[in-house]
Amino acid sequence: MNWKSEILAAQQRIAGYAQVTPVMESQMLGDPIEIKLEHMQHTGSFKARGAFNTLLSSDVPPAGVVAASGGNHGAAAAYAAQTLGYPAKIFVPELAGPSKIALIEQTGADLSVVSGEYANALTEAQAHEAKTGAMQIHAYDAPATVAGQGTCFAEWEAQGLQADTVLVAVGGGGLISGALAWLQGARKVVAAEPETSCALHAALAAGEPVDVSVSGIAANALGARRIGSICFGLAQGITSVLVPDAAIAEAQKRLWQAHRILVEPAGATALAALFSGAYQPEPGERVAVLICGGNISPDPL
């Protein structure tokens with residue numbers, strides 16, 4: 001697949017629907033860090049890009065769309081469907097938490113909360129798809145989703161990205177797939193995952209996608225049990241690091257203290273890789289971090 005052309009087409013397709021999110025420079029760690037504030041995207045995460053690209057490039061059936069999500073993707077899929085006039089059925093696990101569940105309910109989507117984790121919600125969504133003929137919007141392992149997420153990095157380069165290395169948090173792999181598909185080795189991409197939700201790290205170690213147990217403070221956004229096949233194919237040879245929950249919480253706190261930026265744990269995970277020393281840049285290496293989600297729970301307001 002020609003990912004560059006797919007991402008450029010997606011960028012044209014979703015223009016006017018997805019936000020162009022701001023970038024900034026921070027000196028929280030001394031040396032400048034470039035940051036893209038993708039938590040300011042519609043519904044509080046990058047997921048709206050992939051959802052809009054999927055719907056705008058598809059013939060949506062009368063049954064509408066269905067999506068399984070830890071929370072952020074469900075909100076994005078529901079928002080995109082509402083914006084474009086399609087009915088949406090969303091399945092989320094209980095661990096999505098009350099703030100993300102409320103966010104989805106605000107879109108008017110038909111929401112079902114299921115017991116267990118993301119994988120259980122996906123099973124229910126697949127059953128709904130088979131029963132009704134609704135179109136599945138996969139959270140991460142679909143070309144249209146990956147191309148949509150890739151627009152984030154095309155946009156960042158157009159905004160003047162200078163970094164040698166870009167750190168990206170990983171759950172199921174849609175966002176980092178977009179980064180790898182767009183950047184194609186022009187910049188180093190580092191995968192950052194929580195120690196207790198690390199589907200990509202485990203897959204790279206095993207040489208194939210494998211099931212992992214999922215827990216920790218970022219599980220409702222980065223809690224995929226198995227990495228997507230697209231991501232596994234694109235991620236061969238990349239640097240993958242793990243960060244503890246304590247470092248993620250510290251990165252959240254430091255972002256608030258330094259810049260009054262409030263993000264969910266997943267949104268701070270890539271930054272936590274720097275704070276914790278899980279990733280240590282070489283002298284003179286220019287580093288960038290993507291802040292991917294802002295749906296903190298409980299909702300502070």
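Quick look at the numbers
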read-out	value
Between the stretch 195-214 and the stretch 48-92, the alpha-carbon center distance in angstrom	27
Full-stretch length increase - Leu8, Ser58 - with 0.36 nm per residue and alpha-carbon distance subtracted	16.3 nm
Net charge of neighbours whose Cβ lies under 15 Å from the Cβ of Glu250, counting Lys and Arg as +1 and Asp and Glu as -1	-1
The chain: calculated mean residue ellipticity at 222 nm from DSSP helix runs of at least 4, using -39500 (n - 2.57)	-13000 deg cm²/dmol
Percent RCO, i.e. relative contact order, over the chain, from Cα pairs under 8 Å lying at least 6 residues apart	21
Overall form of the stretch 176-301 per C-alpha gyration tensor (a/c, 1.5; a/b vs b/c)	oblate
Global geometry of the stretch 48-136, whether rounded, prolate or oblate, following the gyration tensor of its Cα atoms and the 1.5 cut on a/c	oblate
Structure-derived Kirkwood radius over Cα pairs in Å: which label, when the choices are (i) 19.9; (ii) 18.7; (iii) 20.8	(ii)
Fully extended contour minus Cα-Cα distance, from Val113 to Lys131, at 0.36 nm per residue	4.6 nm
Dipole magnitude of the stretch 48-136 about its Cα centre (Cβ charges: Lys, Arg +1; Asp, Glu -1), debye to nearest 20	160
Counted charge near Lys89, where neighbours are those whose Cβ lies closer than 14 Å (Asp, Glu -1; Lys, Arg +1)	-3
Unit charges at the beta carbon, dipole of the chain: most positive-side option, Trp156, Thr239, Val92	Trp156
Unsatisfied cross-links (Cα-Cα over 26 Å) in the set Lys89/Lys253; Lys47/Lys89; Lys36/Lys188; Lys4/Lys100; Lys47/Lys253; Lys4/Lys89	Lys89/Lys253; Lys4/Lys100; Lys4/Lys89
Linear extension gain, Val20 paired with Ser229, 0.36 nm per residue minus alpha-carbon span	72.4 nm
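Throughout, read-outs are computed from the coordinates displayed, never taken from laboratory work. Model, not experiment: these values are computed from the prediction. Don't worry about glycine lacking a Cβ; one is built from the backbone with ideal geometry, like all the others, and counts go over all protein chains shown.
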